[in-house]
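Everything below concerns the one structure shown next.
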Amino acid sequence: AQTVTQSQPEMSVQEAETVTLSCTYDTSESDYYLFWYKQPPSRQMILVIRQEAYKQQNATENRFSVNFQKAAKSFSLKISDSQLGDAAMYFCAYRTSGSRLTFGEGTQLTVNP
Amino acid sequence: DAGITQSPRHKVTETGTPVTLRCHQTENHRYMYWYRQDPGHGLRLIHYSYGVKDTDKGEVSDGYSVSRSKTEDFLLTLESATSSQTSVYFCAISGGTSIPNTQYFGPGTRLTVL
């Protein structure tokens, strides 16, 4: 079974600085998708970024980018120029066959002014 | 917001009573999912549907049943609620005209079983 591990339960960053959240996964599949979701205090799950495993180029969405290392099964999220609104729980997720998502346990990000 | 609503948004019930949560979507997505979120566990899949009347179990399906009689509605039923089913429940959708292979989530339902 696929597993997703987020080894940092909590992280903090100063406003305008850069922070990297870690995620590793275990799979025997070669074709899959990886995601980062953000959950602010409102509880809404918001898609931040997605990565197709067959693409070597790392995905970027404005201030958010990933470092996808397929051989190492690593999928980290970098947030540049952190803003107070980035404070949230961040979940890494892996899309299994049959379109199911497997989630990590989350990293709580605090942004300090 | 991908056109997903969940009802009710909050519910308090007693052990042993039946509970039904509703997920409604407006964009003709083929796939619908129910997850529960508990501290220390992230989100875990309960059941999912890949079409009208086509459903399958997830990793934490015991004590839950689902039904999908039309494309837009996916119901999650707790036949006899237990305190261990106190959780936040999320519905998600994928397919349709959204980004392929990507799930979008509803606002969640907080269920408390006393």
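The values are calculated or read from the model by the stated rules, or taken from the named source; none is laboratory data. Since the structure is predicted, the reported quantities are computational estimates derived from the model, not experimental observations. So basically every Cβ, Gly included, is an ideal-geometry build from the backbone, and we count neighbours across all protein chains shown. Heads up: the accessible areas ignore ligands, DNA and RNA and are worked out on the full protein's heavy atoms, side chains in. Shrake-Rupley method; radii C 1.70, N 1.55, O 1.52, S 1.80 Å.
Annotations
- Exactly one residue out of A:Glu10, A:Glu61 is free of Cβ contacts under 8 Å to residues at least 40 places away in the same chain and among the acidic types (Asp, Glu), and it is A:Glu61.
- Check on A:Thr27, modelled with pLDDT of 95 or more, farther than 30 Å from B:Arg110 by Cα, open to solvent by less than 80 Å² (accessible area, probe 1.4 Å) and among the polar types (S, T, N, Q): no
- Scan of region B:82-97 for residues that are over 21 Å from B:Thr15 (Cα atoms), touching a strand residue (DSSP E or B) at 6+ places or on another chain (Cβ under 9 Å) and open to solvent by 30 Å² or more (accessible area, probe 1.4 Å), ordered by number: B:Gly96
- Of residues in region B:93-110 being part of a loop (DSSP other than H, G, I, E, B) and under 18 Å from A:Pro41 (Cα atoms), the one farthest from the other protein chains (Cβ to nearest Cβ): B:Gly106
- Where B:Ile4 falls short, out of the listed (1) farther than 29 Å from A:Ser7 by Cα; (2) open to solvent by less than 40 Å² (accessible area, probe 1.4 Å); (3) touching a Leu at 6+ places or on another chain (Cβ under 9 Å): (3)
- Count of region B:57-114 residues which are more than 20 Å from B:His24 (Cα to Cα), in contact (Cβ under 8 Å) with a residue 12 or more places away in the chain and of a type in the set (D, E, K, R): 2
- Residue match in region A:66-86 (condition: over 15 Å from A:Gln108 (Cα atoms), within 14 Å of chain B (Cβ to nearest Cβ) and loosely packed, with under 13 Cβ neighbours inside 10 Å): no
- Residue that is nearest to B:Asn101 (Cα to Cα) [pool: residues in region A:21-52 that are part of a strand (DSSP E or B) and of a type in the set (A, V, I, L, M)]: A:Leu34
- B:Glu14 being touching a residue at least 60 places away in the same chain (Cβ under 8 Å), open to solvent by 50 Å² or more (accessible area, probe 1.4 Å), more than 14 Å from chain A (Cβ to nearest Cβ) and under 15 Å from the mean Cα position of the chain (by Cα): no
- Per-region count, region B:18-28, residues at pLDDT below 95 and over 16 Å from B:Phe105 (Cβ atoms): 1
- From the options B:Tyr31, B:Tyr50, B:Tyr35, residue that is at pLDDT 90 or above and open to solvent by less than 20 Å² (accessible area, probe 1.4 Å): B:Tyr35
- Of all residue pairs spaced 6 or more apart or on separate chains, those with beta-carbon atoms under 7 Å, a first member in region A:67-85 that is in contact (Cβ under 8 Å) with a residue 60 or more places away in the chain and more than 13 Å from A:Met11 (Cα to Cα) and a second member that is basic (Lys, Arg) and open to solvent by 50 Å² or more (accessible area, probe 1.4 Å) are A:Ser80/A:Arg63; A:Asp81/A:Arg63.
- Residue match in region B:73-92 (condition: modelled with pLDDT under 95, more than 11 Å from chain A (Cβ to nearest Cβ) and either under 18 Å from A:Leu47 (Cβ atoms) or not in a loop (DSSP other than H, G, I, E, B) (or both)): no
- Restricting attention to region A:87-113, the residues that are part of a strand (DSSP E or B), more than 18 Å from A:Arg50 (Cβ to Cβ) and either more than 15 Å from the chain's Cα centre (by Cα) or facing chain B (nearest Cβ under 9 Å) (or both) total 3.
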